[in-house]
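Here's the structure, in structure tokens; my notes come after.
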Amino acid sequence: MKFERAVPPVRQVPLALARRFFQICMSASAETVAEADLTPLEFAVLAYVTKPTGEPDIDQRGLAERLGIDRNNTSLLVERVASKGLLERRVNGADRRARLLRLTPRGEKLFARLYPKALAGQQRILEVLKPSERKVLLDLLVRVIEGNRSLARPGAGRRRRRSRQSFSNNA
């Protein structure tokens, strides 16, 4: 006799739903970009910096804001993508500390090749919904994100470390 494990129900809690949706999106994205030895976040850099639809010559700070990651992680991410020959950095003439980002011709070609597959992967995720429901879902997600901008920043929700003084006072 074969026993099947019951699948636990999906909880209708925003955090649980968001986490599971994120997992699904990341899995689909990872499958698409794995052939190019990219992570989903590295592909996101290409998407934000590409000429046709992105913002070529965006600076690293602007990229960090759009990706929702801190500037230190953005710097490391940009270094990884640049080391693959997909991205070039140059000094901003208006602010010598800032670096402007632009895809190399190789980066543009790779993005153009991967983008249709990435788009198809995103569409596949939403295939369980009717077209009108897809639009409603995306519109609602945008409203929730826009309405909670103060929470949508790098480091938001992290637990702050307690100082040594606090620990010794509690002992």
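Quick note: the coordinates plus some simple rules give every number you see, no bench work behind them. Since we're looking at a predicted model, the values are computed, not measured. No Cβ is skipped: glycine too gets one built from the backbone with ideal geometry, and neighbour counts run over all protein chains shown.
Applying Stokes-Einstein at 4 °C and 1.567 mPa s to the Kirkwood radius of region 1-64, computed over alpha-carbon pairs, gives a translational diffusion coefficient of 87 µm² s⁻¹. Here the chain is treated as an ellipsoid with the same Cα gyration tensor; its semi-axes, largest first and in whole Å, are 31, 28, 17. Modelled spin-label separation between Leu129 and Gln23, with each label point placed 7 Å from Cα along the Cα-to-Cβ direction: 2.0 nm.
Reducing region 109-142 and region 7-23 to their Cα centroids gives an inter-centroid distance of 19 Å. Average 1/r across all pairs of distinct alpha carbons in region 33-116, invert it, and you get the Kirkwood radius: 12.6 Å. For region 90-105, the Karplus equation 6.51 cos²θ - 1.76 cosθ + 1.60, evaluated at θ = phi - 60°, returns couplings of 9, 5, 6, x, 7, 9, 4, 7, 8, 10, 8, 10, 8, 6, 6, x Hz by residue, with Gly and Pro reported as x. Site pair Leu137 and Thr104 shows an inter-label distance of 3.7 nm when each label is modelled 7 Å from Cα along Cα→Cβ.
What the Cβ-Cβ distance of Asp70 and Ala6 gives, at R0 = 35 Å and to the nearest 0.05, is a FRET efficiency of 0.30. Residues in region 142-151 carry Karplus couplings, in order, of 4, 4, 5, 5, 4, x, 10, 3, 5, 8 Hz; the curve used is 6.51 cos²θ - 1.76 cosθ + 1.60 with θ = phi - 60°, and Gly or Pro positions show x.
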